[in-house]
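Student: Mind looking over this structure? Questions follow.
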Amino acid sequence: LAQAQSRLDAASRQQRAAENRQRMEDQKKQAAIEQERRRRDLEAKRVEADRVAAEKRAQEIKAQQEKLEAARLRAQREEDDRRAKVLADQEASRKRQEEREREEARARTLQQQQ
């Protein structure tokens with residue numbers, strides 16, 4: 001009877017030891033799974049932060065390009081206005097000169113008739 005009890009106790013200890021080993025293996029696996037999940041979450045957050053930063057930078061670049069284009073168009077309009085004014089001034093000067101020449105020709109004609 002004692003021998004049977006001893007074998008039963010030994011089998012019980014072996015079973016508990018096996019259960020403990022299995023529990024430890026399960027805990028290690030679960031810890032590895034959790035660690036991998038945390039690593040993936042961090043990687044996903046980093047990728048998202050990089051995407052947001054790239055999108056923000058692209059918007060900044062686009063805004064800068066729009067400012068530069070607006071400045072270029074403004075400068076072009078100012079240059080066109082300046083050229084138009086120069087041309088208008090030249091035309092007005094030419095007309096005044098023609099009018100002066102006509103007046104002088106009339107004056108000479110009148111002088112010659114007298």
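The values are calculated or read from the model by the stated rules, or taken from the named source; none is laboratory data. The structure presented is a predicted model; accordingly, all values stated were derived computationally and were not measured. As a convention, Cβ positions derive from the backbone with ideal geometry for all residues, glycine included, and neighbour counts pool all protein chains shown. Calculation scope for accessible area: heavy atoms of the full protein, side chains included, ligands and nucleic acids excluded. Shrake-Rupley method; radii C 1.70, N 1.55, O 1.52, S 1.80 Å.
Student: Name the pairs whose Cβ atoms lie under 6 Å apart, with the first residue in region 83-106 and open to solvent by 90 Å² or more (accessible area, probe 1.4 Å), the second of a type in the set (Val, Ile, Thr) and part of a helix (DSSP H, G or I), and 6 or more positions between them or separate chains?
Tutor: From residues that are open to solvent by 90 Å² or more (accessible area, probe 1.4 Å), there are no pairs.
Student: Here's something else I'd like to know. Quick one: is residue 60 at pLDDT 95 or above, open to solvent by less than 100 Å² (accessible area, probe 1.4 Å) and more than 17 Å from the chain's Cα centre (by Cα)? Before the answer, list the steps.
Tutor: Values: at pLDDT 95 or above: yes; open to solvent by less than 100 Å² (accessible area, probe 1.4 Å): yes; more than 17 Å from the chain's Cα centre (by Cα): no.
No: the conditions fail for residue 60.
Student: I'd like the full set of residues that are open to solvent by 100 Å² or more (accessible area, probe 1.4 Å) and assigned to a helix (DSSP H, G or I), limited to region 1-21. Let's see the steps before the verdict.
Tutor: Keep residues of region 1-21 that are open to solvent by 100 Å² or more (accessible area, probe 1.4 Å), which gives 1, 3, 7-8, 13-16, 21.
The answer is 3, 7, 8, 13, 14, 15, 16, 21.
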